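To start, the structure itself, in structure tokens.
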Amino acid sequence: MSVKENTEFQPTIVAFCCNWCSYSGADLAGTNRLSYPTNVKIIRVPCSCRINPMFVLRAFQRGADGVILCGCHPGDCHYMEGNYHTRRRMTLLFSMLNYLGIESARTRVEWVSAAEGQRFVDVMDDFTAKITELGPNRRLEDLRCKKN
Amino acid sequence: MQRIGVFVCHCGTNIAATVDVEAVAEAAKSVPGVVFSADYPYMCSESGQDLVKESVQKYNLTNVVICSCSPRMHEKTFRKAVESIGMNPYMLEIANIREQCSWVHKDKEEGTEKAIMLMKAACAKATLNTPLTPGMLPVTKRALVIGGGIAGMQAALDIAEAGYEVDIVEQKPTIGGKMAQLDKTFPTLDCSSCIVTPKMVDVGQNDKIRILSYSDVEEVKGYIGNFDVKIKRKARYVDEDKCTGCGLCTEKCPMKKVPNEWNLELDTRSCVYIPFAQAVPKVATIDPRYCLKLNKGTCGICSKVCGVGAINYEAKDEIIEEKYGAIVAATGFEIADISRYDEYAYGQSPDVVTSLEYERLMSAAGPFGGHLLRPSDHKEPKKIVFVQCVGSREEESCKGGKEYCSKVCCMYTAKHAILTKDHYPDTDIYVFYIDVRTPGKLFDEFYRRAVEQYGVHYIKGAVGKVTPHKETGKLEVQGYDMILNEQMHIDADMVVLAAAVEPSHTARRMATMLTAPMDNNDFFTEAHAKLRPVESATAGVFLAGMCQGPKDIPETVSQASAAAAKVIGVLAKDQLVGNPCIAHPDELMCNGCSQCAGVCPYGAITYVEKEFRMPNRTTKMRRVAQVNEAVCQGCGACTVTCPSGAMDLRGFSNNEIMAEVDALCL
Ligand SMILES: Cc1cc2nc3c(=O)[nH]c(=O)nc-3n(C[C@H](O)[C@H](O)[C@H](O)COP(=O)(O)OP(=O)(O)OC[C@H]3O[C@@H](n4cnc5c(N)ncnc54)[C@H](O)[C@@H]3O)c2cc1C
Ligand code: SF4
Ligand code: SF4
């Protein structure tokens, strides 16, 4: 599925995926030949707790319209408790974004296990649809680093 | 200045069909730092790897970017290749343009565009790569096998044979698995107990093998060579070391009406029980759901009759912690729930049974001592209808059917027909099938014997309805013969359903704990469908038996031995090469605040006083963080916590990740 056919706006979406669960879940989506929008581009990190909120802000600044963080389900973190750190850090980031008047829906945390190829697809379909609805991210985009 | 080489793989048509690989290679030429790019049909092949190696030498490359399948597939392959010509393996990055691009997208233009972005991101990261050297990890020379079926037993025996200690964790009170419940086995018709119980004894007597029966794996932490596993030893209320398995308690126990799972609830057992005569370990277990003493505080007979004082009503679940170097998953299978197929009247008539129940009915150790009697009135059935593929090979349906073929049903149904005819030659047997699948040594000969020698009526078609008639005690089977194109009515005494097999219901929980991938049906996924069929994608976890997919006993045993060989390969090493992608603080920025140690789940961070040079030739002692390289697992929790930005992760540094972000966004 691609959003391209129906709308003009093509959101840029960065998906940070932990190596053990979500990145493998994304691989499984491929192995099972499932399909999600091309807008989603994945960056591999060892654990969701490696994702610095600064990376998320950086992505918005550079023009991303949505940033999604995927990790192992609570309790299943390969590093035991990394995803709990992620959850707490991101909750802080969400409230900061809200405070700044930026839709916190532009970023979210989802748990996808290595066995959940279908869930990965469902999450990405849903997130892409929501971001498309929200429209382009203009508030955080740093116009100095605008695309071309 | 970096000199990057970009290599784009076609993967046959796997990538090339949805990504214009030449365009990706062409686009790479204008990426800053890239001095060479090429595409090739199979990068991972020897000639593909040679191309990479030659180009590195010819163009003096400092970094390599491979646009190919997932790094989980071939990162190692390519790292090894570049290492062989003296390049640091961590100067290589993979852009995943197969699993995360060509396989999930249909439109070639969009696929190509995305592949180019992924390639650019990989180049951006590669530019910042630094050479890394791994440390060495010790190996705990013991193995854990989860599941004590034929798969688990074979794996454990082979590992023990090589001289290593093995623990088998089995959730049931005895090892043996489904094979111990079978009557005879195809295609040789040797008695299942006669071949499996000696194996169970071998396992029980092997001093390298410890059986942790009636136990569950509760937690798995760690990594290849060094797994930390918590195992719950469920309270048996009988001291395993004291119990001699005499069975006196089971005789005297007044609570005799407990459904007997060993005979698939076709009969009953006592509350304190030994599953069957040849159980290993042969010790009694009290079923806490039914025990009068445990629930009402009355009775207590078993403790009075036990001559060795083995009964202990105060027993509690116990958690033990063990270390292992490698793990074999052998959690096997269950019979799928077919209660939703009402057309077969399973659940309405006791004379409609599953094939596994039929095994118990035929077995000499079964509820009727080996006389084939139907459960309702204990009469010999004269006409039996077998229905194949119940719940297998179904399109995904509301009934919970399986899309896959359960593989063993065609053969065991032929076996059931032959065995029944052998003992009761005047029985009329009908088998309704979609296809008869008999690939396997001596399999087709076996099936033909059922048809030609025993006169079993094989009917290509389907059963539409089974109606139990109370008055006559018959089961009216309405079927359809596809070849004669006619309806059939059979008044049967019994109907046997070849119900689909499905993975153990604990498999998903296990897979999650082991961080091992599974497919949509909950079978464990092998690291490579053809080339690494007994390994899980998670290093140090291996697969054996039905938990990986439907298979018969010979296949299960071969896979188990193969998994054991892989385990031995791990345990034979004294040290494994570690992961160099670990945290390290920039000592000049670190102010010793101690925040990082608080989040490290492994306790890898300590603090030391170090002398730093200050202006005017003075020095100052300052507290800074220090990461233990053998303990750090490289999660990165500390890097984000550090308020001064001193802590960074090798291989996934702040700058590398941000370079990727920039490349994907701009
Ligand atoms: C009706 C029927 C007839 C068959 N007849 C034949 C035949 O004639 N010839 C033939 O070659 N094959 C036959 N098969 C196939 C054969 O049964 C299987 O190939 C074989 O049993 C697979 O062995 P396994 O060890 O993988 O699984 P299992 O036998 O299922 O063993 C798995 C074990 O793991 C335990 N376990 C599961 N989960 C956990 C957990 N989380 N923790 C701890 N322990 C756990 C289970 O309790 C069980 O003991 C038949 C199958 C059926 C259904
Ligand atoms: S990366 Fe993870 S394991 Fe390593 S020191 Fe930091 S918190 Fe500990
Ligand atoms: S959190 Fe940062 S500053 Fe504080 S001790 Fe750790 S590395 Fe040093």
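At a glance:
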read-out	value
Span from the the stretch B:95-161 Cα centroid across to the the stretch B:226-285 one, whole angstrom	42
Computed magnitude of the charge dipole of the protein assembly as shown (debye, nearest 20; Cβ of K, R +1, Cβ of D, E -1)	2280
Prolate/oblate/rounded call for the stretch A:27-135, Cα gyration tensor, a/c under 1.5 rounded	oblate
Mean separation of Cα contacts under 8 Å, 6 or more apart, over the residue count of chain B: relative contact order %	13
Ellipticity estimate at 222 nm from DSSP helix runs (n ≥ 4, -39,500 (n - 2.57)) divided over chain A, nearest 500	-12000 deg cm²/dmol
Per-residue mean of C-beta atoms belonging to partner chains within 10 Å, peptide B:650-657	3
Loop trypsin sites (Lys or Arg not before Pro), the stretch B:391-461 (other Cβ atoms within 10 Å of the site Cβ: 12 or fewer; DSSP)	B:LYS441
The protein assembly as shown: Rg to Rh, with Rh as the Kirkwood radius over Cα pairs	1.03
The stretch A:27-135 - charge dipole about Cα centre, Lys and Arg +1 at Cβ, Asp and Glu -1, debye rounded to 20	420
Whole-Å semi-axes of the ellipsoid equivalent to the stretch B:266-383 (Cα gyration tensor, √5λ, descending)	34, 23, 16
At least 15 Å along the helix axis (C-alpha) and Kyte average at least 0.0, DSSP helices within chain B	B:150-161, B:192-205, B:553-571, B:654-665
Share of carbon and sulfur in the accessible heavy-atom surface of chain B [1.4 Å probe, %]	51
Translational diffusion of the stretch B:583-650, µm² s⁻¹ [Kirkwood Rh, Cα pairs; Stokes-Einstein; 10 °C; 1.306 mPa s]	130
Which of B:LEU543, B:GLY603, B:VAL169, positive extreme of dipole for the protein assembly as shown (C-beta unit charges)	B:GLY603
Helix-only CD estimate at 222 nm, as mean residue ellipticity for chain B, using -39500 (n - 2.57) per DSSP H run (n ≥ 4)	-8000 deg cm²/dmol
Check: the stretch B:334-502 dipole with +1 on Lys, Arg Cβ and -1 on Asp, Glu Cβ, in debye	320
Overall form of the stretch B:238-316 per C-alpha gyration tensor (a/c, 1.5; a/b vs b/c)	oblate
Cα gyration tensor shape for the stretch B:362-508, rounded if a/c is under 1.5, else prolate or oblate	rounded
17 Å Cα-Cα reach of B:LYS208 towards aspartates and glutamates, excluding residues that sit fewer than 8 places from it in its own chain	B:ASP158, B:GLU161, B:GLU165, B:ASP167, B:GLU170, B:GLU322
Cross-link reach list, lysines versus B:LYS470, counting only Cα pairs under 19 Å and skipping chain neighbours closer than eight places	B:LYS379, B:LYS382, B:LYS383
Whichever lysines have a C-alpha closer than 21 Å to that of B:LYS29, once near sequence neighbours (fewer than 8 apart) are set aside	A:LYS147, B:LYS53, B:LYS58, B:LYS108, B:LYS114, B:LYS120, B:LYS125
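The values are calculated or read from the model by the stated rules, or taken from the named source; none is laboratory data. What you see is a predicted model, and the numbers here were worked out from it, not measured in a lab. Backbone-built Cβ (ideal geometry, glycine too); neighbour counts: all protein chains shown. Only protein heavy atoms, including side chains, enter the accessible area calculation; ligands, DNA and RNA are left aside. Shrake-Rupley method; radii C 1.70, N 1.55, O 1.52, S 1.80 Å.
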